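Peer 1: Sharing a structure here in structure tokens format.
The values are calculated or read from the model by the stated rules, or taken from the named source; none is laboratory data. None of these values were measured; they are calculated from a predicted model. Don't worry about glycine lacking a Cβ; one is built from the backbone with ideal geometry, like all the others, and counts go over all protein chains shown.
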């Protein structure tokens, strides 16, 4: 499954300037593995030392926070993933 | 402080310093930034006497805020009343209860006037022409009004279902509103993406570290109004969770400056049951936040993915405090209880604070003899729809004394005995 991932500007120095990419992955774990192997400099910013998604990294599938979809969510054709570092607001 | 700056941005996690620029998170580790100060220098510049001699608005604490040298402090926001709440105190069995009443904060009747006052000084300093925000209403009002005075364009993003008074109270200042089909968390995520692309001054995105410091003035004022003392407890409503952490920061700064005696103030967080990610975390003894989909009449607190949830939970648990939440009927009851007992008409968020405080007294987490402050952060005139079905329609009577006498007999009998013959 190929998923389109939007990359925020803060991450682009780790992605050779790419603002989006197509990544393989059937679920979140697979997608993060795929992103990390494609952009090794980005890899440490995706997961902490225990392998959990970093506390301040927010991941959305289409308009939905992925945490509402469940950690076993399987990507569907046409899904768009957005990464937002450190959500603000309030 | 490594440079010659009075203040600068610092990562809350890896402590990297970033000078002063419109960014909200660390460019190395992506954790949030906050403002750090050169306290050695500031400690020599400010004193309680100096503050006492200044105008009664938040600019009296100028040395303790991240303000550019040439800031415009002509909008007298802040320095709202600290009211002794004796009647409410009787109801909840407290002998020393106070209200910090930001329902009458200038200019738009909520505590958001404080954060916007600080944020707009930096928006001008960084040269933004357009200021913006994601908002559940009060922030929209504050940005729109203060942008009008500052001569800045305002573009405000809100959830489509916001209370009509909060929409009108934004448009009246000439601000452009963008209504988003979605809840606040959708709006907020979109604003992060827009701020990433457009050079706008989003007060609660790229200006957020400066903006959030404005909330410290609630803490400074409470301490000063108590005669430079800290309360034993403080009850604070939580949406994004920033306010409670900034009041904590303010109290700590005052202790470090020697302005107040050291005391471990207990911090209590208040949320609506229908949007309670922080109170759920606190109740389970955790800092980690599980996001929720908000479903509550307290729309100004309806943030399911709170930016400072982690830090708010940590502050509360570290202080020995607690968090509670209130259902929609309890929120309405809290609003009417405050109005009837203290003559203060607060919005739904204030209803949450009062209802939660009541629970905390019942649970024995706050004791009657302790000095406790409730933060009332917004005005009830903005959320009248929450009370729409609460009161009976009063039928008109003819303009005749006999009709009034009959009205007294049938509908106002309690007052007749008290009032008769008083003249």
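Peer 1: Take residue B:249 and decide whether it is within 28 Å of residue B:292 (Cα to Cα), more than 14 Å from chain A (Cβ to nearest Cβ) and surrounded by fewer than 24 Cβ atoms within 10 Å (Cβ to Cβ). Show your work before the answer.
Peer 2: Numbers: within 28 Å of residue B:292 (Cα to Cα): yes; more than 14 Å from chain A (Cβ to nearest Cβ): yes; surrounded by fewer than 24 Cβ atoms within 10 Å (Cβ to Cβ): yes.
It is true that residue B:249 is within 28 Å of residue B:292 (Cα to Cα), more than 14 Å from chain A (Cβ to nearest Cβ) and surrounded by fewer than 24 Cβ atoms within 10 Å (Cβ to Cβ).
Peer 1: Ok, one more. Tell me, which residue of the stretch B:40-53 that is surrounded by 13 or more Cβ atoms within 10 Å (Cβ to Cβ) and out of contact with any strand residue (DSSP E or B) (no Cβ under 9 Å at 6 or more places or on another chain) is farthest from the other protein chains (Cβ to nearest Cβ)?
Peer 2: B:47
Peer 1: Now for a separate question. So which of B:183, B:206 is within 14 Å of another protein chain (Cβ to nearest Cβ) and over 28 Å from residue B:20 (Cα atoms)? Spell out the reasoning first.
Peer 2: Values: B:206 fails: over 28 Å from residue B:20 (Cα atoms).
Sole residue among the options that is within 14 Å of another protein chain (Cβ to nearest Cβ) and over 28 Å from residue B:20 (Cα atoms): B:183.
Peer 1: Something else now. For residues in the stretch B:192-203 being over 22 Å from residue A:60 (Cα atoms) and part of a loop (DSSP other than H, G, I, E, B), which is nearest to the other protein chains (Cβ to nearest Cβ)?
Peer 2: Step one: filter the stretch B:192-203 for residues over 22 Å from residue A:60 (Cα atoms), giving B:199-201, B:203.
Filter once more, so that each one left must be part of a loop (DSSP other than H, G, I, E, B): B:199-200, B:203.
Working: B:199: 12, B:200: 13, B:203: 10 Å.
Going through the qualifying residues, I end up with B:203.
Peer 1: Same structure, new question: Of the residues B:320, B:364, which single one is without any contact (Cβ under 8 Å) to a residue 12 or more places away in the chain, more than 18 Å from the chain's Cα centre (by Cα) and not assigned by TED's automatic domain parsing to the domain that holds residue B:13? Break it down into steps so the answer makes sense when it comes.
Peer 2: Working: B:320 fails: without any contact (Cβ under 8 Å) to a residue 12 or more places away in the chain.
Criteria check complete, one pass: B:364.
Peer 1: Confirm whether residue B:225 is in contact with a strand residue (DSSP E or B) (Cβ under 6 Å, 6 or more places away or on another chain), surrounded by fewer than 23 Cβ atoms within 10 Å (Cβ to Cβ) and within 22 Å of residue B:141 (Cα to Cα).
Peer 2: On the way: in contact with a strand residue (DSSP E or B) (Cβ under 6 Å, 6 or more places away or on another chain): yes; surrounded by fewer than 23 Cβ atoms within 10 Å (Cβ to Cβ): yes; within 22 Å of residue B:141 (Cα to Cα): no.
For residue B:225, the condition - in contact with a strand residue (DSSP E or B) (Cβ under 6 Å, 6 or more places away or on another chain), surrounded by fewer than 23 Cβ atoms within 10 Å (Cβ to Cβ) and within 22 Å of residue B:141 (Cα to Cα) - is not met.
Peer 1: Now for a different question. Confirm whether residue B:136 is within 14 Å of chain A (Cβ to nearest Cβ), part of a loop (DSSP other than H, G, I, E, B) and at negative phi. Even if it seems obvious, please write down each step before you answer.
Peer 2: Numbers: within 14 Å of chain A (Cβ to nearest Cβ): yes; part of a loop (DSSP other than H, G, I, E, B): yes; at negative phi: yes.
Yes: the conditions hold for residue B:136.
Peer 1: Which numbered condition trips up residue B:158, out of (1) crowded, with 18+ Cβ neighbours inside 10 Å; (2) outside the structural domain of residue B:139 (by TED's automatic domain parsing)?
Peer 2: (2)
Peer 1: Moving on to the next point. Here are some residues: B:37, B:71. Which one is under 12 Å from residue B:10 (Cα atoms), at pLDDT 95 or above and surrounded by 15 or more Cβ atoms within 10 Å (Cβ to Cβ)? Steps first, answer last, please.
Peer 2: Details: B:71 fails: under 12 Å from residue B:10 (Cα atoms).
From the options B:37, B:71, the qualifying one is B:37.
Peer 1: Among the residues that make up the stretch B:252-262, is at least one of them part of a strand (DSSP E or B), crowded, with 20+ Cβ neighbours inside 10 Å, more than 14 Å from every other protein chain (Cβ to nearest Cβ) and at pLDDT 95 or above?
Peer 2: The first filter runs over the stretch B:252-262 and keeps only residues part of a strand (DSSP E or B), leaving none.
No, the stretch B:252-262 has no match at all.
Peer 1: Filter the helices (runs of 4 or more DSSP H) completely within chain A down to those with at least 3 residues that are farther than 25 Å from residue B:311 by Cα and more than 10 Å from every other protein chain (Cβ to nearest Cβ). Talk me through it step by step, then tell me what you get.
Peer 2: Numbers: elements: A:28-38, A:43-46, A:66-69.
Answer list for chain A: A:28-38.
Peer 1: Does at least one position in the stretch B:93-113 carry a residue that is outside any loop (DSSP other than H, G, I, E, B), over 20 Å from the mean Cα position of the chain (by Cα) and within 14 Å of chain A (Cβ to nearest Cβ)? Spell out the reasoning first.
Peer 2: So the first thing to find is which residues in the stretch B:93-113 are outside any loop (DSSP other than H, G, I, E, B), and the list is B:97-104, B:110, B:112-113.
Next, only the ones that are over 20 Å from the mean Cα position of the chain (by Cα) stay: none.
Looking for residues that are outside any loop (DSSP other than H, G, I, E, B), over 20 Å from the mean Cα position of the chain (by Cα) and within 14 Å of chain A (Cβ to nearest Cβ), one finds none in the stretch B:93-113, hence no.
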